[in-house]
Amino acid sequence: MSAEAKFVSRYDQRVELVRGILKQDTKLDAKNADALAIRLLHALDATPEKLR
């Protein structure tokens, strides 16, 4: 009974979280929700800590 653990980076977890929220709360399809999630996370990551 060996179960292989699949590694998922914290970034991928964040993208999945934002993608899920966008798909739930908007009428975006999966492809567009994914693209917007990546853009949003990039913008947040590029924002200096003092401005967050």
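Just so it is clear, none of the values below were taken in a lab; they were calculated from the coordinates. Keep in mind that what you see is a predicted model, and the values were worked out from it rather than measured. Counting neighbours? That spans all protein chains shown, and the Cβs are built from the backbone with ideal geometry, glycine included.
General remarks:
- Couplings 3J(HN,Hα) of region 21-38, computed from phi: 5, 5, 5, 6, 9, 10, 9, 6, 7, 4, 5, 6, 5, 5, 4, 5, 4, 5 Hz, in residue order, whole Hz [Karplus 6.51 cos²θ - 1.76 cosθ + 1.60, θ = phi - 60°; x for Gly and Pro].
- Kirkwood Rh and Cα Rg combined as Rg/Rh, the chain: 1.13
- Loop-located GluC sites (Glu not before Pro) in the chain (DSSP state not H, G, I, E or B) with no more than 11 neighbouring Cβ atoms inside 10 Å: 4.
- Reachable aspartates and glutamates, given that their alpha-carbon falls under 19 Å from the alpha-carbon of residue 23 and they are not under 8 places away in the same chain: 12, 34
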